[in-house]
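Visitor: Dropping a structure here in C-alpha cells format, bear with me for questions.
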Amino acid sequence: MILAGDIGGTKTVLALIEILGDGSLNCRREQTFASGEFADFDEILALFLNGTSAVAAACFGIAGPVLNQRCQTTNLPWLLDGAELKRRLGTERVKLLNDLEAMAIGMLHLPAQDFIELNPGAETQTGNVAVIAAGTGLGEAILHWDGNAFHPIATEGGHCDFAPQNPQQDRLLAYLRQKYPAHVSWERVLSGLGFSNIYDFLVDSRFAPPCPAVPAPADAAGVDRNALISRLGVDGEDPACRETVRLFAELYGAEAGNLALKAFATGGVFIGGGIGPKIRPVLESGEFLQAFVAKGRFHAMLSKVSVKLALNPHTPLLGAMHYYAAG
C-alpha cells in the first residue's frame, strides 16, 4: 500500500492506494482535513492511519521548501521530517516533495479533458514546461525535458519580487510596500489573500466605493473575504470586486509569462491551484493572455506557447501517488 498526501495551507488530503497488476492505481481510501484545525501533521496522520495495515511507501507534496527531506511549511506552523516519518511509518521509502513538484508530476497524468487551452494561437512544441498555481499561496515549478522524459524541478518563485508593468500596478506596489515593508512578493497579489490586498488597494485609492457585501478587514471574522470578493468579481456584481478579479488575471498572466521565459517553456505552461477554475471566465476573457505575451521582443515566441488551465483539484495528490508507482 502506498500513502500519498497533498499538504497545503488550507487543506490536507491523504490517500491510500494500491498498484494493480496492469500498473494502474486503485485508491482504497481518501480523506480531506482542514489543515488549520491541527497543531501538527502527525495528528492528521494518526487519525487517517487508525487501524490501517502496513504502509510500503509514502510520498507527500508539501506547500513549502523541502531541504534535506525536511520542510517547514510556509503557511502553517508545521515541521515535517522525512527521517521521523520513516520511523513513524516503518518504511525507508518516504519522500517529501514541494507541492508544486508533486503537482508538476500530476499534470503529466491528467487526461486531456481536464485541461482548458487559454491560448488559441498555441502550437504543439516540445521542450520544458512551466507550472504555476495560485491558491493559499503561489507555487511555481518546472518540468525539464531532456529529450526523452520530463524531470520536475521545485522552485520558490512565488516569493520573488513583485514587478509592476503599468501605472496602476505601480500604485499597487507602492500601496503594498506600506503593508509589507520588508518585501512584496508575487504571492502577496497572486494567492487567496491577493484578492483582499488588491480590493483594499482599489477601495483606498478611490477606484470604486467599497462593496456593501464585503466586510472591512477588521469585521471579517468568520467570513472568507477573499472568496466573496472573487465570486462577486467574476459575477460582475460590484465594480471594485470586478476590477479586483480583472487585475488579478492580468497579474497572473504577467507572472506566468515571466516563468515561461525563465524556464524557456516551449513545451507549454500548466496553470494549477484552486483559484484558476473559480475565475475561469476571467482567465478566458483575454486579459490573462494579453499580459502573458507582453514581453517585448519575446512576444512572438510566447504567442505560440500553449497555456492550459488544469481543472482537476487532485493534481498534487495524483503526482504524489505516481512518484513510487513509477518505480
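The values are calculated or read from the model by the stated rules, or taken from the named source; none is laboratory data. All of these numbers come straight from a predicted model, not from anything done at the bench. Cβ atoms come from the backbone with ideal geometry, glycine included; neighbour counts cover every protein chain shown. Just the protein is used for accessible areas: all its heavy atoms, side chains included, with ligands, DNA and RNA removed. Shrake-Rupley method; radii C 1.70, N 1.55, O 1.52, S 1.80 Å.
Visitor: If you take every residue apart from F288 with its C-beta less than 11 Å away from the C-beta of F288, what net charge results, scoring Lys and Arg +1 and Asp and Glu -1? If you can, show how the numbers build up before the last one.
Guide: Numbers: positive: R246, R280; negative: E250, E255, E284, E287.
Overall, the nearby charge balance is -2.
Visitor: Within the range 46-67, name every residue whose backbone N is under 13 Å away from a label modeled 7 Å from Cα of Q31 along the Cβ vector.
Guide: 46-53
Visitor: Using only Cα atoms and rounding to the nearest 10 degrees, what angle (0 to 90) does helix 192-204 make with the longest principal axis of the chain?
Guide: Between the helix axis and the principal axis of the chain, the angle is about 10 degrees.
Visitor: Mind checking the per residue accessible area of the chain for me, 1.4 Å probe, whole number of Å²?
Guide: With the other protein chains kept in place, the chain gives 45 Å² per residue.
Visitor: Can you give me the Kirkwood hydrodynamic radius for the range 18-95, using every pair of distinct Cα atoms, in Å to one decimal? Can you show the working numbers first?
Guide: On the way: mean 1/r = 0.0715 Å⁻¹.
The answer is 14.0 Å.
Visitor: While we're looking at this one, here's another question. Quick check: the distance between the Cα centres of the range 6-53 and the range 230-262, to the nearest angstrom?
Guide: Taking the Cα centre of each part, the range 6-53 and the range 230-262 sit 32 Å apart.
Visitor: Then there is this: Karplus couplings for the range 141-152 from phi (6.51 cos²θ - 1.76 cosθ + 1.60, θ = phi - 60°), rounded to Hz, Gly and Pro as x?
Guide: Coupling constants for the range 141-152: 8, 10, 9, 7, 9, 9, x, 10, 8, 8, 10, x Hz.
Visitor: A further question on this structure: Let me know the number of lysine pairs in the chain closer than 16 Å at the Cα, not counting same-chain pairs under 8 apart.
Guide: Details: K86/K95; K262/K295; K278/K308; K295/K304.
Count of close lysine pairs: 4.
Visitor: Could you give each residue of the range 270-279 its phi-based ³J(HN,Hα) in whole Hz, using Karplus coefficients 6.51, -1.76, 1.60 with θ = phi - 60°, and x for Gly or Pro?
Guide: Rounded to whole hertz, the list is 9, 10, x, x, x, 6, x, x, 6, 10.
Visitor: Mind listing the long-range amide H neighbours of V307? Cut-off is under 5 Å, sequence gap 5 or more, other chains count too, H placed in the peptide plane at 1.01 Å from N.
Guide: Amide H neighbours of V307: L118, N119, V269.
Visitor: Based on the Cβ-Cβ distance from A56 to D22, what FRET efficiency comes out when R0 is 22 Å, to the nearest 0.05?
Guide: Once rounded, the FRET efficiency stands at 0.75.
Visitor: Which of the peptides 97-106, 251-260, 204-213, 306-315 is most tightly packed, and how do the rest follow, going by the mean number of other Cβ atoms within 10 Å of each residue? Before the final figure, lay out the partial values.
Guide: Values: 97-106: 29.0, 251-260: 24.6, 204-213: 12.9, 306-315: 20.5.
Per-residue mean Cβ counts within 10 Å order the peptides as 97-106, 251-260, 306-315, 204-213.
Visitor: Nearest 500 deg cm²/dmol is fine: what mean residue ellipticity at 222 nm does the chain get from its DSSP H runs of n ≥ 4 alone, each adding -39,500 (n - 2.57), divided by its residue count? Provide the component values of the computation, followed by the final result.
Guide: Details: 12 runs with 119 residues, N = 327.
Helix-only estimate at 222 nm: -10500 deg cm²/dmol.
Visitor: May I ask you to compute the full-extension gain from A221 to R297, defined as 0.36 nm times their residue separation minus their alpha-carbon distance, rounded to one decimal in nm?
Guide: Once the chain is fully extended between A221 and R297, it gains 22.7 nm.
Visitor: Same structure, new question: How high is the FRET efficiency between T91 and D114 when r is their beta carbon distance and R₀ equals 30 Å, given to the nearest 0.05?
Guide: Efficiency computed from Cβ-Cβ geometry: 0.45.
Visitor: Tally Lys/Arg at +1 and Asp/Glu at -1 over every other residue whose Cβ is under 10 Å from the Cβ of L100; what's the total? Present the calculation step by step, with values, prior to reporting the outcome.
Guide: Details: positive: none; negative: D99, E101, E140, E156.
Here the charged neighbours net out to -4.
Visitor: Note down the magnitude of the dipole of the range 233-321 about its Cα centre, charges +1 on Lys and Arg C-beta and -1 on Asp and Glu C-beta and zero elsewhere, to the nearest 20 debye.
Guide: Dipole of the range 233-321, to the nearest 20 debye: 480 debye.
Visitor: With +1 on the Cβ of every Lys and Arg and -1 on the Cβ of every Asp and Glu, and nothing else charged, how large is the dipole of the chain about its Cα centre, in debye rounded to the nearest 20?
Guide: For the chain, the charge dipole is close to 340 debye.
Visitor: Sort 115-122, 189-196, 277-284 by packing, meaning the average of other beta carbons within 10 Å per residue, with the highest value first. Don't jump to the answer; show the numbers that get you there.
Guide: Working: 115-122: 15.8, 189-196: 24.5, 277-284: 17.9.
Sorting 115-122, 189-196, 277-284 by mean packing, highest first, produces 189-196, 277-284, 115-122.
Visitor: If packing is taken as the average number of other Cβ atoms within 10 Å across a peptide's residues, how do 316-323, 231-238 rank, most packed first? Intermediate values should be presented prior to the final figure.
Guide: On the way: 316-323: 27.4, 231-238: 17.5.
Result, highest mean first: 316-323, 231-238.
Visitor: A follow-up question, please. Using θ = phi - 60° and the Karplus relation 6.51 cos²θ - 1.76 cosθ + 1.60, list the HN-Hα couplings for the range 11-24 in order, rounded to whole Hz, with x at every Gly or Pro.
Guide: Calculated HN-Hα couplings, in order: 9, 10, 10, 10, 8, 10, 10, 10, 9, 7, x, 8, x, 6 Hz.
Visitor: Of all accessible surface on the chain at a 1.4 Å probe, what whole percent is carbon and sulfur?
Guide: Summing carbon and sulfur atoms, their accessible area is 53 percent of the total for the chain.
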